[in-house]
Amino acid sequence: MPDPIRVILVDDQSLVRSGFRMLIESEDDMEVVSEASNGLEALDVLRRMPVDVALMDIRMPQMDGVEATQRITASPLDTKVLILTTFDLDEYVYAALKAGASGFLLKDARPTELLSAIRNVADGDAVVAPSATRRLLDHVVPTLPNDPKAADKRLSVLTDREKEVLVEIAKGATNAEIAQTLYMAEGTVKTHIGRLLSKLECRDRVGLVLFAHEVGLI
């Protein structure tokens with residue numbers, strides 16, 4: 001049996017951390033190895049012990065989730081960040097995703113959604129919930145830079161097929177859904193995603209979603 005996914009809970013509300021701990025530790029394939037009430041505490045923990053996934057709140061005292069995410073992703077630490085947020089913090093969420101977070105969930109997400117997100121992030125995928133992404137970007141997109149020439153230049157490196165895959169990714173479609181929509185094998189979808197990540201210099205699937213909206217593809 002593989003080692004359990006090691007999780008750290010980073011939130012300034014102890015009741016929130018307790019609830020997440022109970023849920024996570026009910027699963028055989030994951031465990032909570034530590035807790036922190038702010039980004040500074042989280043970084044201190046991560047320097048001392050290996051952690052696979054950090055469940056990160058955004059607004060916290062001393063160091064918020066955005067700065068903590070930036071420091072984690074810029075360091076040699078092999079820890080993925082999963083943002084937990086509410087819609088009144090859109091600008092912070094966008095900043096955290098740009099900083100390298102592997103995805104975001106709402107704090108009122110269903111338990112099964114949270115557990116699935118932890119597993120996906122630990123496996124190296126990104127969590128971009130379709131409904132949450134659309135509603136979030138409704139708020140964020142109007143604030144993004146609008147430079148048609150720059151957008152055309154960045155998109156020019158992509159093939160038509162890669163653009164089609166990118167559009168589906170930005171809609172929140174899974175690899176299986178993309179394969180069905182575009183009539184291709186799931187392995188081919190993964191190949192296209194790999195090329196998109198390389199050509200657009202995006203860290204993960206979240207980066208592709210943000211790029212698609214930045215350049216007005218969606």
### Task
Please determine, by comparing only the residues of region 153-201 that are touching a residue at least 40 places away in the same chain (Cβ under 8 Å) and open to solvent by 30 Å² or more (accessible area, probe 1.4 Å), which one is nearest to the chain's Cα centre (by Cα).
Lys171
### Residues being assigned to a helix (DSSP H, G or I) and more than 15 Å from Asp125 (Cβ to Cβ) - total across region 193-218
9
### Message
Checking the condition open to solvent by less than 70 Å² (accessible area, probe 1.4 Å), modelled with pLDDT under 85 and acidic (Asp, Glu), which residue from Asp64, Asp125 passes?
### Response
Asp125
### Query
Of all residues in region 78-104 being open to solvent by 20 Å² or more (accessible area, probe 1.4 Å) and over 20 Å from Arg205 (Cα atoms), which is modelled with the lowest pLDDT?
Asp88
### Task
Answer yes if at least one residue in region 45-52 is in a loop (DSSP other than H, G, I, E, B), under 20 Å from the mean Cα position of the chain (by Cα) and surrounded by fewer than 17 Cβ atoms within 10 Å (Cβ to Cβ), and no otherwise.
yes
### Query
If Thr73 passes every condition in (1) within 20 Å of the chain's Cα centre (by Cα); (2) of a type in the set (Val, Ile, Thr); (3) not in a helix (DSSP H, G or I) but one, which one does it miss?
(3)
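The values are calculated or read from the model by the stated rules, or taken from the named source; none is laboratory data. Quick caveat, the model's predicted, so the values are computed rather than measured. Ideal geometry is used to build each Cβ from the backbone, glycine not excepted, and the neighbour counts take in all protein chains shown. Only protein heavy atoms, including side chains, enter the accessible area calculation; ligands, DNA and RNA are left aside. Shrake-Rupley method; radii C 1.70, N 1.55, O 1.52, S 1.80 Å.
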